[in-house]
Structures are given as structure tokens and as C-alpha cells.
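First comes the structure, then the notes that go with it.
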Amino acid sequence: MNTEEALLIDAGALLFNKSSYSSQLDLDLAKINAEGLIEAYNDLGYEAVGISEIDLAGGINFLKLLAEKSKFPWISANIVDSKNNHCLFVPYIIKNKNGIRIAITGLAGTGAADDTNKNVGYKTLGWSEVLPRLLKEISSQTDLCILLSSLSPRENEQISKQLPSINIIIQAGRYSLNRTPLLINNTLICQTEKQGKYIGQLRIKWGKNGRWAEQTSQSSQNPPADQISLTEGSSTYENDFLALDSSIVNDPIMEKIVAQTKTKVNAFGRSNSSYGELGDYVGSDACFECHSKISRKWQKTGHARAYTTLVEKKQEFNLTCLPCHVTGVSLSESNRSFLLSLPARLYNVGCETCHGAGKAHTIAPEKTKMNASPGAFICLQCHTSEHDGAFHFEQDKKLLH
Ligand code: HEC
Ligand code: HEC
Ligand code: HEC
Ligand code: HEC
């Protein structure tokens, strides 16, 4: 296979295995896995990935942060800023393969819009609001148009019937299975089993007339030399599902990414094994004697006076404000009243906010390790777009201590 000529794309629903998590700890652990997946997709050379409601389980800010780390664009024409309707991700790209100009656009399933708890700052527009306008804009620049869709199969069929200039729909979702491509009008609807168990492969000869042949071939008798090539007559395709089973030798780089991700999950789980139990939070003063240099630097930052800020604003009894201006209390904590009797050692955004509860480590530092490199998802619990629109993890983490 000549990978230069192949186009490696994914329709989405890959980061999480559900669209909402009931506990903050489960979500935080899932986010570490999601960060590992991005590293893997970067290495595999993916060229475009669609977005589904499931990819938004960590919130819009988390996905935007991952998009910054991704070497490929996250594509969605219908996830927009709820204030001004501007696209929050890349609405489409145009790639040239073998002289064929290929447009790739994406639509997220409406599930994301229904969940009003979660989708702060964005909304998901319906396909009919977005797609006709977008096709008008790009049709003169392209020969072949692909839609990465996590809409329902029914909606994808409606799109095929109404918009024949979409030539391929790659359908993603929680319940996907390997399906023989379905030709409706001039659109080929394709779907591959979920969770990366298979790679769906389409070998395409794209006709200059831009239409699929009525009887398009599915046998592998005469495979074309390239994955996508241009031909004089009508367009034809062949498809395969390549099983990624245990007979395939593991790639060393992937093995390394998987091992590193598992180590991070484990370290995070351990440092938070007392999630929510305030008694295991000793307060930042307890770290001073052994980490004096770091501690003195932290003292000069806003985190060390976050509670004082509330006092100055006469808001230190406001249960809405407190979780983000103190230590050891998760925002998702349902019983917030104990915030009013919080011990003074846990005022401000202390060391343990990011490194985990420190009691055991303070007693035996070599035996009980702390989380040495807290991830962006910890910051994003407080540095939400509402409270800090300009948050940038890589830059901001240099200012901590
Ligand atoms: C528990 C909530 C919380 C978490 C978690 C959190 N922050 Fe903050 N952060 C705040 C608050 C509140 C302020 C403003 C404090 C003030 O000035 O009163 C702040 C301020 C800052 C500032 C400005 C610092 C300064 O000196 O003025 C930076 C930079 C920052 N945070 C980065 C981060 C990074 C990076 C992370 C993750 C590693 C993080 N924060 C995690 C709540 C949090
Ligand atoms: C979701 C978390 C969160 C909540 C809830 C929250 N804050 Fe903050 N707050 C932050 C973060 C993060 C910053 C730092 C923003 C930055 O660095 O730009 C901040 C900064 C501030 C600052 C500016 C500090 C300075 O001097 O620069 C004030 C004042 C403040 N918050 C007051 C409040 C009040 C009052 C409430 C409740 C009505 C509140 N906050 C609720 C996260 C939160
Ligand atoms: C807002 C989050 C946050 C707070 C508060 C915070 N840290 Fe950190 N700390 C980090 C991050 C993130 C790193 C990793 C930095 C990196 O990878 O560049 C780190 C790294 C460290 C390291 C490892 C440094 C190394 O060289 O390996 C130590 C030790 C540490 N912090 C101690 C502390 C102590 C002690 C405090 C309180 C006085 C504190 N931290 C407060 C986020 C925080
Ligand atoms: C009695 C001394 C002592 C106290 C108190 C202490 N530490 Fe440490 N800490 C250490 C030593 C020693 C290491 C290096 C351990 C190693 O390399 O095996 C360390 C390492 C760390 C690291 C790097 C990751 C790791 O575990 O190796 C972080 C983060 C950290 N400490 C945070 C804290 C925080 C936060 C507190 C306060 C809650 C704290 N420490 C209190 C001695 C201490």
C-alpha cells in the first residue's frame, strides 16, 4: 500500500467510551487515556478526524486543548460558539491526492446539543442549516466530497437523498459495526466497527463525471495500483475490513505510548486515592520544609492568594466561588456546605490541588510518590473558558512555581 496515495481519516467517537461520566475521578482518568490516543493518532499520521458527542465528554475546552496537541485537524462544520455562531473547530479541509481534490467536512451528532449541562459555550447546529451553504462554497474547488458524520443513520440517508454532491459519508457512533457500503443516490455510506478493531479500506477509482457507477464493484480481483485514482468513466470502489487482531505484531512506538499512558493513569489514581477525603490534605505549609525553593516561588503566585482574593471581594462565604479558590474540593462535589468550615490550611489553590493529597508523602516521601506532572485536565476544572478565556497550558504551567 502506498500511504502517500491513501487518505487516513476517522469520523470520530474515539476519545471516550461514553458521553458523560458520573464521577470526576473516572472522567479525569478517561482524559489521560484520551491524551494518549492523540499521541498515537499523531504518530499514525491521521489527516483528519471528525467530532462526535462522545468526543466532548471532557468538555469543549478539553477538546480544544487536545486539538492544539493534534497534528491533524479536528473537523466540525456544526459545533459553533453559542454567542456568535462561529465554528469552534475546522469546518472543512481540501486535500489533493493523485490529482483529485478531496473536500473533507464533518458533522457532530445532535446528542451533544441536547445535553444542556455540559455544552457550556457551544451549540450544535442541524445539518440542513450548515451543509447546503458549505457545499456551495466548496463545490467549485473540489472533485470528491467526504462527510465525517456522527449523525444518526437516518439523517445520513436524508443527506444522501438531498445533497448528491456529498460522495462519501463515513458514519461513526457508539453502535457501529462493519457494514458493506450502501449507495444511496450518489452517496456511498460507509461504516467500520468501533474501538479500532478494524480498519475500513476503500480503494477508489474516481470518474471524471463525478458519479458512482450503478453496479460498483466489490471484488478484489483487479485492485487498482493506488488507493484513490482518477479514471475516464464512472467511479468504482472496492472495500475491505482489515482486522487488527493479535496476529499483527505490535508497533514499538505504539507500545511505548500505551505503557506511558498506563503509568500516568496509575500515578494519578494513587495520588488521588483519597479523592474527597479532606483529612488526607495536609496543606501547603507542610511541604515547605522539604521543598522550600518551589514553595517560595508558589507563594508569589495568584494561587497562593486565591482565597484572599475572595475575602477582598467579600465573597469568601459564597459556595459558588469557593471550590475554585481553595484546595481539595472538587467542583463536582455535591455537598458543598462543608466548604464553609474548611480548615485554614486548605485556603487558596495549594500544592495538593495539582499534586494530590499529600499526607502519606509528607510522612514517607520516598515510599509514597506524588503526581510529578499534573496534566492540563486538572487546570481546566477551574480555568474554564468562562473564568479564563486565555488559558494556555504549556505557557501557563511555567508560572506555577
Ligand atoms: C482549584 C482551582 C484551580 C486549579 C485546579 C488551577 N488553578 Fe490556576 N488559578 C486559579 C485561581 C482561582 C486563580 C486566580 C487566583 C487569584 O489571583 O486570586 C488562578 C491563577 C492562575 C494563574 C495566574 C497566576 C498568577 O500569578 O497570577 C496561572 C498562570 C494559573 N492559574 C495556571 C494554572 C495551571 C497551569 C494549572 C494546572 C496545572 C492551574 N492553574 C490549576 C484556580 C485554579
Ligand atoms: C470554575 C472556577 C471558578 C469559579 C467558580 C470562580 N472563580 Fe474566580 N477565578 C478562577 C480562575 C481560574 C481565575 C484566574 C483567571 C485568570 O488568571 O485569568 C479567577 C480569578 C478571579 C479573580 C481575579 C483575581 C485577580 O486579582 O486577578 C477574582 C476577583 C475572582 N476570581 C473572584 C471570584 C468570585 C467572586 C467568584 C464567585 C462569584 C469566583 N471567582 C468563582 C476560577 C473560578
Ligand atoms: C496549579 C498547579 C500546581 C500547584 C498549585 C503546585 N504545583 Fe508543583 N507542579 C505542577 C506542575 C504542572 C508540575 C510539572 C511541571 C512541568 O512538568 O514542567 C509541577 C512540578 C512539581 C515538582 C516536581 C519538580 C521537578 O523538578 O521534578 C515538585 C517537587 C512540585 N511541583 C512541588 C510543589 C509544591 C511543594 C507546591 C506548593 C508549594 C506545588 N508544587 C504547587 C503544578 C502545581
Ligand atoms: C519530609 C520531606 C518532604 C515533605 C514534607 C514533602 N516532600 Fe515532596 N518530596 C520529598 C522528597 C525527598 C522527594 C523526592 C522523592 C524521590 O525522588 O524518591 C519528593 C518529591 C516530590 C514530588 C515529585 C514526585 C515524587 O513523588 O517523587 C512532588 C510533586 C512533591 N514531592 C510534592 C510535595 C508536596 C505537594 C508536599 C506537601 C503536601 C510535599 N511534597 C511534602 C520530600 C518531601
Breaking point among (1) modelled with pLDDT under 85; (2) touching a Lys or Arg at 6+ places or on another chain (Cβ under 7 Å); (3) of a type in the set (A, V, I, L, M, F, W, C), for residue 340: (2)
Entirely in segment 313-392, the helices (runs of 4 or more DSSP H) that have 1 or more residues that are among the aromatic types (Phe, Trp, Tyr) and within 12 Å of ligand 1 (Cβ to nearest atom): 376-380
Unique match (being of a type in the set (Ser, Thr, Tyr), within 27 Å of residue 125 (Cα to Cα) and within 10 Å of the chain's Cα centre (by Cα)) among 20, 70: 70
Residue under evaluation residue 344, criteria (1) over 22 Å from residue 28 (Cα atoms); (2) within 14 Å of ligand 4 (Cβ to nearest atom); (3) of a type in the set (Gly, Ala, Ser), criterion not met: (2)
In segment 52-77, the residues that are modelled with pLDDT of 95 or more, in a loop (DSSP other than H, G, I, E, B) and not aromatic (Phe, Trp, Tyr): 70, 71, 73, 76, 77
Scan of segment 359-377 for residues that are within 11 Å of ligand 3 (Cβ to nearest atom) and closer than 20 Å to residue 324 by Cβ, ordered by number: 371, 374, 375, 376
Test: residue in segment 361-380 that is among the small types (Gly, Ala, Ser), at pLDDT below 85, outside the structural domain of residue 32 (by TED's automatic domain parsing) and more than 16 Å from ligand 4 (Cβ to nearest atom): no
Residue, farthest from ligand 3 (Cβ to nearest atom), within segment 288-322, restricted to residues that are surrounded by fewer than 15 Cβ atoms within 10 Å (Cβ to Cβ) and basic (Lys, Arg): 314
All positions within segment 290-305 that are within 16 Å of ligand 2 (Cβ to nearest atom) and either hydrophobic (A, V, I, L, M, F, W, C) or part of a helix (DSSP H, G or I) (or both): 298, 299, 302, 303, 304, 305
Single condition residue 295 does not satisfy, out of (1) more than 9 Å from ligand 1 (Cβ to nearest atom); (2) among the small types (Gly, Ala, Ser); (3) within 21 Å of residue 23 (Cβ to Cβ): (3)
Single condition residue 209 does not satisfy, out of (1) buried (at least 21 other Cβ atoms within 10 Å of the Cβ); (2) in contact with a Ser or Thr (Cβ under 8 Å, 6 or more places away or on another chain): (1)
All positions within segment 46-95 that are of a type in the set (D, E, K, R) and surrounded by fewer than 21 Cβ atoms within 10 Å (Cβ to Cβ): 47, 64, 68, 69, 71, 81, 83, 95
Matching residues in segment 381-401 - criterion: being within 16 Å of ligand 4 (Cβ to nearest atom) and under 27 Å from residue 279 (Cα atoms): 400, 401
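The values are calculated or read from the model by the stated rules, or taken from the named source; none is laboratory data. Small disclaimer: the values here were computed from a predicted structure and weren't measured. Backbone-built Cβ (ideal geometry, glycine too); neighbour counts: all protein chains shown.
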